[in-house]
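Just below is one structure, and these are the notes that go with it.
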Amino acid sequence: QLEITLNALKQHIDYIKTKGDAKVRLRKVFQKYSDLLEDTVIIEVSKNFIDEKEQSEIAEYYKKEKDRNELIEELHKNRNFDDEEVTVNVKKYKRNNKTIALIKLLRNFECQICKKFILKKDGSKYIEAAHINPKHTKGKEIEENIILLCPNHHKEFDYGNLNIIEHTKEKIEFILNEQNYHINLKIS
């Protein structure tokens, strides 16, 4: 939370500087708390990084504590998560990191198109959760609305020529840049 607060404070200081106000006191506060974190934490401004970190921690916990059936039960209990609006200059919707972590775990952290992932330095797998129906259109973070994609396929899914042919709770069929895909969404 301190990292997030310091990032917001830094953005505020940078903005105020453009208006000609040096905000010396705010810079001192920022520096004091940044120094406390300097040895152990790199301040990361990317919201995706923060979400990914939280999802990894949740997945690590559940991997140790629950078997597959218990994970599925947890996932289904989490279906009614109420989206939380978080406003930082613009309206954003907080991700349901528990659901995403469980989906990643249950789908083995693999791209559902190419079956690949990025192997991170620490030996864990990196994969991205893409919304079929986007958050800004009230798309929920439930297994039938989340598809796991490698970064390349995620960007292609978001920005490519996408035509969804059929989307049910169990599967999605779509054409993406003239390539046809059939993906199972059901977790059992």
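The values are calculated or read from the model by the stated rules, or taken from the named source; none is laboratory data. Nothing here was measured: the structure is a model prediction, and the numbers come from that model. Every residue, glycine among them, receives a Cβ derived from its backbone with ideal geometry; neighbour counts consider all protein chains shown. For accessibility, only protein heavy atoms count, side chains too; no ligands or nucleic acids. Shrake-Rupley method; radii C 1.70, N 1.55, O 1.52, S 1.80 Å.
Express in whole angstrom the spacing between the alpha-carbon centres of the range 128-147 and the range 159-181.
Cα centroid to Cα centroid, the span is 14 Å.
Pull out the extension gain between residue 63 and residue 120, defined as 0.36 nm times the separation in residues minus the alpha carbon to alpha carbon distance; nm, one decimal.
Numbers: separation 57, 0.36 × 57 = 20.52 nm, distance 1.77 nm.
Gain on stretching residue 63 to residue 120: 18.8 nm.
Sort 72-78, 102-108 for me by packing, meaning the mean count of neighbouring Cβ atoms within 10 Å per residue, highest on top.
Working: 72-78: 15.6, 102-108: 20.9.
Result, highest mean Cβ count within 10 Å first: 102-108, 72-78.
How many nm is it between the label spots at residue 179 and residue 133, if each spot is 7 Å from the Cα in line with the beta carbon?
In this crude spin-label approximation the distance works out to 2.7 nm.
Multiply the residue separation of residue 78 and residue 10 by 0.36 nm, subtract the distance between their alpha-carbon atoms, and state the gained length in nm to one decimal. Don't skip to the answer; put the middle values down first.
On the way: separation 68, 0.36 × 68 = 24.48 nm, distance 3.45 nm.
Additional length available on full extension: 21.0 nm.
If you plug each phi of the range 146-162 into the Karplus form 6.51 cos²θ - 1.76 cosθ + 1.60 with θ = phi - 60°, what whole-Hz ³J(HN,Hα) values come out, in order, with x for Gly and Pro?
3J(HN,Hα) across the range 146-162, in whole Hz: 10, 10, 8, 9, 5, x, 5, 5, 5, 5, 5, 4, 6, 10, x, 7, 10.
Which residues' amide hydrogens lie under 5 Å from the amide hydrogen of residue 140, considering only partners 5 or more residues apart or on another chain, with H built in the peptide plane?
none
Heavy-atom accessible area of residue 79 with all protein chains present, probe 1.4 Å, nearest 10 Å²?
Approximately 70 Å² for this residue.
For the range 171-182, what does the Karplus curve 6.51 cos²θ - 1.76 cosθ + 1.60, with θ = phi - 60°, yield as ³J(HN,Hα) per residue in whole Hz, taken in order and with x for Gly and Pro?
7, 9, 10, 8, 10, 10, 6, 6, 10, 8, 10, 10
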